[in-house]
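One structure is given here, and the rest of the page talks about it.
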Amino acid sequence: MSILGVALVLFLLGILGWIVINASKLESFFKGNVQVNAFIREGSRTAEMEALKSYIVSKPYARRVEYVSKDMARKKFIGEGNEDWNKVLDYNPLPASVDFYLDPVYVNPDSLGVIVSDIQSRFFIVSEVKYPDAVVSSLDAIVRKIAIILLSISAVLCLIAIILIDNTIKLAMFSNRFLIKTMQMVGATRWFISRPFDKRAVINGLVSSGLAVTGILAIIYLVEGWWLPELRVLRDTGMLAVLCLVLVAIGIGITFISTHRSVTKYLRMRLDDLY
């Protein structure tokens, strides 16, 4: 029962960890789709446009840099469901541009302000640098709130998990208190008494964490395979492996510490106090 109790607590803790990992990946996914457009003035030379593109490519904040000509901008505009202006205008009003997606680390108002100022001050051919500032501001605020909420919940649940596991082990050791005291009374040393209990604690912690990890992987398989296949895009195998290792370490560590503390506690108690 103690093994199942510890496994259940670790399972709940692992599910929360999986949710936190997916939330972090989802944040990176949304931030990685923020596009910046550096619009180029009419009549700019090809060499200047190539220099602008090369400069942006060399920067760590830029991903998937693309030069969009006036004709490409027109095709993209019509492809988004807009009407062609050929019946009204006899020229293409859309400017050429160098478009790039941002690295998620740089998607915040302060970093974007520096990026925009740097590009406009270095290249006269750039008439304007635009990005969805309303989206960036709201996304940054939402992400900050979600992060605070998830971290708070994680901290509380970690504390609850430690307390529950510790109490579960203490209850399991309570039934062995007379055995521990009897071994002490016949002359066994503290190390000799605690060694088998500590060894059993490590095995129990390993089994509990193994059951918890198996349950978590089964839930992830069911969710990604049957209910929400879209979550496969967010899967981070490396972080998932780290989460499993952390659960194993928590299971073994807390079980071992709680067991050793309980054995030491009963060894220090008087025989009358055990009743």
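The values are calculated or read from the model by the stated rules, or taken from the named source; none is laboratory data. What you see is a predicted model; the values in this text were computed from it and never measured. Here the Cβ is made from the backbone with ideal geometry for all residues, glycine too, and neighbour counts use every protein chain on show.
What tally of residues in the range 13-71 results from selecting those that are basic (Lys, Arg) and in contact with a strand residue (DSSP E or B) (Cβ under 8 Å, 6 or more places away or on another chain)?
Of the range 13-71, the ones basic (Lys, Arg) are 25, 31, 41, 45, 53, 59, 63-64, 70.
Then keep just the ones that are in contact with a strand residue (DSSP E or B) (Cβ under 8 Å, 6 or more places away or on another chain); that gives 31, 41, 53, 63-64.
Residues that pass the stated criteria total 5.
Go through (1) in contact with a helix residue (DSSP H, G or I) (Cβ under 7 Å, 6 or more places away or on another chain); (2) touching a residue at least 40 places away in the same chain (Cβ under 8 Å); (3) within 30 Å of Thr237 (Cβ to Cβ); (4) part of a strand (DSSP E or B) for Arg63 and report which single condition fails.
Of the numbered conditions (1) in contact with a helix residue (DSSP H, G or I) (Cβ under 7 Å, 6 or more places away or on another chain); (2) touching a residue at least 40 places away in the same chain (Cβ under 8 Å); (3) within 30 Å of Thr237 (Cβ to Cβ); (4) part of a strand (DSSP E or B), the odd one out for Arg63 is (1).
Has the range 124-143 got any residue that is surrounded by 14 or more Cβ atoms within 10 Å (Cβ to Cβ), under 30 Å from Leu247 (Cα atoms) and touching a residue at least 60 places away in the same chain (Cβ under 8 Å)?
Yes: one or more hits.
Which of the residues that make up the range 92-130 are assigned to a strand (DSSP E or B), more than 28 Å from Ala23 (Cα to Cα) and not polar (S, T, N, Q)?
Narrowing the range 92-130 to residues assigned to a strand (DSSP E or B): 97-102, 126-130.
Narrowing the set further to residues that are more than 28 Å from Ala23 (Cα to Cα) leaves 97-98, 126-129.
Once the filter is applied, which keeps residues that are assigned to a strand (DSSP E or B), more than 28 Å from Ala23 (Cα to Cα) and not polar (S, T, N, Q), the range 92-130 yields Val98, Val126, Glu128, Val129.
Can you confirm whether the range 216-233 contains a residue that is in a helix (DSSP H, G or I), closer than 24 Å to Val6 by Cβ, within 36 Å of the chain's Cα centre (by Cα) and basic (Lys, Arg)?
The answer is no; no qualifying residue exists.
Test each condition in (1) surrounded by 15 or more Cβ atoms within 10 Å (Cβ to Cβ); (2) among the hydrophobic types (A, V, I, L, M, F, W, C); (3) without any contact (Cβ under 8 Å) to a residue 40 or more places away in the chain for Ile149 and report the one that comes out false.
With (1) surrounded by 15 or more Cβ atoms within 10 Å (Cβ to Cβ); (2) among the hydrophobic types (A, V, I, L, M, F, W, C); (3) without any contact (Cβ under 8 Å) to a residue 40 or more places away in the chain applied to Ile149, the lone miss is (1).
From the list Val143, Val105, which one is modelled with pLDDT of 85 or more and under 29 Å from the mean Cα position of the chain (by Cα)?
Val105 is the lone residue from the list that is modelled with pLDDT of 85 or more and under 29 Å from the mean Cα position of the chain (by Cα).
Take Glu48 and decide whether it is within 30 Å of Arg144 (Cβ to Cβ), assigned to a helix (DSSP H, G or I) and of a type in the set (Asp, Glu).
no
Where the second residue is in a loop (DSSP other than H, G, I, E, B) and at pLDDT 70 or above and the first is under 23 Å from Ser44 (Cβ atoms) and lies in the range 80-96, which pairs have Cβ atoms under 6 Å and are six or more apart or on separate chains?
Pairs found: Ala96/Ser69.
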